[in-house]
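Q: Handing you a structure now.
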Amino acid sequence: MPDIDLKTYSPLSLAFLGDAVYEIIVRSIVTGTGNNHPNRLHNMSAHIVKAQSQRMMVEALEPSFTDEEKDILRRGRNAKSYTHAKNASVADYRMATGFETLLGYLFIKGDNDRILTLIRKGFDDTGLLDIRPSDREETNK
C-alpha cells in the first residue's frame with residue numbers, strides 16, 4: 001500500500017476487507033480441526049463469524065484495545081450502512097462492523113501480529129472455538 005493516512009479510508013471499506021481477513025483466519029483454524037466435509041466446515045465457521053459472536057469478541061477484547069483501536073472500532077460501529085444482517089440485531093451488526101473495520105485497518109497497516117493476538121485472546125476469553133462433544137462426534141464421521 002502506498003504511504004497514505006489510513007484514517008482517511010471509509011470505515012465500511014475497511015470493514016469489507018476486515019470481514020475477509022477474519023473469515024480466512026477462522027476458516028484456517030476450523031480446517032485445522034481435522035478433515036471434514038465442506039458443509040460441516042461451513043457450519044463450524046459460520047457460528048464463529050456471525051455478528052453475535054463478533055460482538056462477544058469485541059466485548060471480551062475491549063480492555064485490551066489501544067486508544068487508536070477503540071477509535072477505529074467506534075468509527076466502524078457508527079458508520080452509516082444501508083444494509084443489515086438477516087439474522088442479527090442492529091446492535092450486533094454494528095458491533096461486528098466495528099470489529100471488521102478494526103481488522104481491516106490493522107491489515108492495511110501491516111500489523112498482522114496484532115490481528116492474530118487479538119483474535120487468539122478473543123477466542124480464549126469467549127470460548128468460541130470450543131467444540132462441543134456432539135460436534136467432535138460429527139467431525140469424526
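The values are calculated or read from the model by the stated rules, or taken from the named source; none is laboratory data. Worth saying up front: this structure is predicted, and the values here are computed from it rather than measured. A quick note on method: Cβ atoms are made from the backbone with ideal geometry, for glycine too, and the neighbour counts reach across all protein chains shown. Each accessible area value is taken on the protein alone, full model and side chains, heavy atoms only, with ligands, DNA and RNA left out. Shrake-Rupley method; radii C 1.70, N 1.55, O 1.52, S 1.80 Å.
Q: Hey, can you tell me all the residues within segment 115-130 that are assigned to a helix (DSSP H, G or I) and open to solvent by less than 50 Å² (accessible area, probe 1.4 Å)?
A: 115, 118, 119, 122, 123, 126
Q: Here's another thing I want to ask about it. Do we have any residue at all in segment 78-88 that's at pLDDT 95 or above and touching a Pro at 6+ places or on another chain (Cβ under 7 Å)?
A: Taking every residue of segment 78-88 in turn, none turns out to be at pLDDT 95 or above and touching a Pro at 6+ places or on another chain (Cβ under 7 Å).
Q: Is it true that residue 72 is in contact with a helix residue (DSSP H, G or I) (Cβ under 7 Å, 6 or more places away or on another chain) and closer than 22 Å to residue 110 by Cβ?
A: yes
Q: Just for segment 1-13: of the residues that are among the hydrophobic types (A, V, I, L, M, F, W, C) and in a helix (DSSP H, G or I), which one is surrounded by the most Cβ atoms within 10 Å (Cβ to Cβ)?
A: 12
Q: Among the helices (runs of 4 or more DSSP H) confined wholly to segment 14-113, which include 2 or more residues that are surrounded by 13 or more Cβ atoms within 10 Å (Cβ to Cβ) and charged (D, E, K, R)?
A: Filter on segment 14-113 gives 51-61, 67-78, 90-109.
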